[in-house]
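Asker: Structure incoming, see below.
Every number here is computed from the coordinates shown, using simple stated rules; none is lab data. Worth saying up front: this structure is predicted, and the values here are computed from it rather than measured. Please note: Cβ atoms are built from the backbone with ideal geometry, for glycine as well, and neighbour counts cover all protein chains shown.
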Amino acid sequence: MKNLLNLIAVLFISTVAFAQGPRIEFKEETINYGTVTRGEDSGKRTFEFTNTGDAPLEIKNVKSTCGCTVPTKPSAPIMPGKSDFIEVQYNMNPGPISKSITVESNAVNVPNGLITLRIKGTVIEKKEVNLLEKKKSILEQ
């Protein structure tokens, strides 16, 4: 009887230890905008992810390091095997882009359910062509 109880206890502990739960896997954790021109690029990008676990995944909160980057999270839980995305809108201020987005979830495969996503790149101003200079260059030809 004692051996049977020990066996049941071991099986129970093994089952609990290997219970998977929700798991989040991102297609990519860094998006490189490259060099983009202000006014020609909307600044919107998406981080696609999949729940590779066996329980619903909840995205509890998504925060940016500054107000120039606005993330949008899914409102409904993501079922096992399903995919969704987090949209990021950067305000396209000229200069280098180096921002972080923190995702808080109930995923068991990342420490404390937190994962950091990054965006990087460079925004340049659109070159304005001065009409007088353009006319002058045409006349010089």
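Asker: Indicate the gyration tensor shape class of the range 2-126 (rounded, prolate or oblate), computed on the Cα atoms with a ≥ b ≥ c the square roots of the eigenvalues: a/c under 1.5 is rounded; otherwise a/b larger than b/c is prolate and the rest oblate.
Answerer: Values: a/c = 3.88, a/b = 3.38, b/c = 1.15.
Prolate, because a/c is 1.5 or more and a/b exceeds b/c.
Asker: Moving on to the next point. Aspartates and glutamates near K126 by alpha-carbon distance under 14 Å, same-chain residues fewer than 8 away left out - which ones?
Answerer: Leaving aside aspartates and glutamates fewer than 8 places away in the same chain, those within reach of K126 are E40, D41.
Asker: Separate question: Arrange the following residues from fewest to most other Cβ atoms within 10 Å of their Cβ: F85, F47. Write out the running numbers ahead of the final one.
Answerer: Details: F85 15, F47 23.
Taking fewest neighbouring Cβ atoms as first place, the list is F85, F47.
Asker: Determine which aspartates and glutamates satisfy two conditions relative to K73: a Cα distance under 13 Å, and not lying fewer than 8 residues away in the same chain.
Answerer: List returned: E48, E58, D84, E87, E104.
Asker: Then there's this: Cut-off is 10 Å between beta-carbons; in what order do E40, E128 appear when sorted fewest neighbours first?
Answerer: Numbers: E40 9, E128 6.
The fewest-first ordering by Cβ neighbours comes to E128, E40.
Asker: Can you give the Rg to Rh ratio for the range 61-113, taking only C-alpha atoms and Rh from Kirkwood?
Answerer: On the way: Rg = 13.2 Å, Rh = 12.8 Å.
That ratio is 1.03, to two decimals.
Asker: Using the Cβ atoms and a cut-off under 11 Å, what net charge is assigned to the surroundings of K60, where Lys and Arg are +1 and Asp and Glu are -1?
Answerer: 0
Asker: Sticking with this one: Rank these for me by crowding, L57, L114, going from fewest to most other beta carbons within 10 Å. If you can, show how the numbers build up before the last one.
Answerer: Values: L57 25, L114 13.
Fewest to most other Cβ atoms nearby, the residues stand as L114, L57.
Asker: Given H placed on each backbone N at 1.01 Å, which residues far from G21 in sequence or on other chains put an amide H within less than 5 Å of it?
Answerer: For G21, whose amide H was placed from the backbone, the distant partners under 5 Å are D54, A55.
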